[in-house]
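The values are calculated or read from the model by the stated rules, or taken from the named source; none is laboratory data. Since this is a predicted model, take the numbers as computed values, not measurements. Note that we place each Cβ from the backbone using ideal geometry, even for glycine, and neighbour counts take in every protein chain shown. Protein only, heavy atoms only, side chains kept; ligands, DNA and RNA dropped before computing areas. Shrake-Rupley method; radii C 1.70, N 1.55, O 1.52, S 1.80 Å.
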Amino acid sequence: MELAYYSDYAVRLVNTEEPSRGQDSLTSVEAVRDLFGANQSAARRASDADVTRFRSVRGRLRAVFEAADGGDETLAVDLLNSLLLEFPVSPQISGHDHRAEDGSPLWHMHLADHPSNATAGFAAIAAMGLAFHLTEYGVDRLGLCEAAPCRNAYLDTSTNRSRRYCSDRCATRANVAAYRARKRLEADRSARTGLTADSAQRTTASGERRPGRGGR
């Protein structure tokens with residue numbers, strides 16, 4: 001498993017909250033456990049206390065995305081480094097679920113479960129995964145959705161660094177909104193042009209000189 005894979009942990013946690021909409025799905029220990037996905041051994045260690053701790057880490061991870069999205073590379077790196085220092089990882093070589101044709105293990109790097117608590121383990125994996133993604137692809141590959149009011153986090157893996165939205169749904173919604181805005185602008189311009197032409201015609205009509213008696 002590539003270590004950059006773990007960057008998805010950070011995205012999943014950050015996107016449990018949509019501040020602009022006042023929505024937060026991280027409200028129970030079950031929600032915390034769901035974030036671990038297939039890593040159920042780590043999920044089982046989660047307790048009610050982890051809800052508050054996860055929210056704290058979430059805010060710090062969102063700050064990394066906000067700094068990156070705002071073009072402040074140094075701040076994004078500094079914020080991520082502080083997480084890496086606070087939540088160190090325990091790397092190990094693993095061969096589970098990866099076998100060559102002859103049945104021998106395909107060894108790869110893996111991040112071991114943190115021994116202290118669920119939050120520390122998840123934060124360590126999320127921060128390290130995000131760090132690998134940042135150093136491999138660049139700080140500008142960490143973004144926040146431009147489809148207001150969404151602002152969900154995403155990782156841009158496009159070949160031309162063109163991603164702007166967190167999902168196809170948001171991209172479609174933004175494109176439809178932009179299309180409607182263009183149509184309204186065109187309609188407004190047409191209306192103003194029509195009014196200007198009509199006004200000019202009335203001015204011309206009112207300013208016409210009527211022939212006098214001497215012109216008969």
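Quick notes
- Region 1-151 - Debye-derived log10 I(q)/I(0), Cα point model, q = 0.13 Å⁻¹: -0.61
- Alpha carbon convex hull of region 53-140, projected area averaged over orientations, nm²: 6.7
- Cα→Cβ-extended label distance, 7 Å offset, between Thr193 and Asp140, nm: 3.7
- Annotation for Arg21 and Arg44: the two label points, set 7 Å from Cα along the Cα-Cβ direction, are 3.4 nm apart.
- Rh (Kirkwood; distinct C-alpha pairs) - region 1-48, Å: 11.8
- Set of region 156-175 residues, backbone N closer than 19 Å to the point 7 Å along the Cα-Cβ line of Arg184: 171-175
- Percent carbon-and-sulfur accessible area, region 45-106, ignoring ligands, DNA and RNA, probe 1.4 Å: 52
- Nonlocal amide H pairs with Arg151, under 5 Å, H built at 1.01 Å: Cys145
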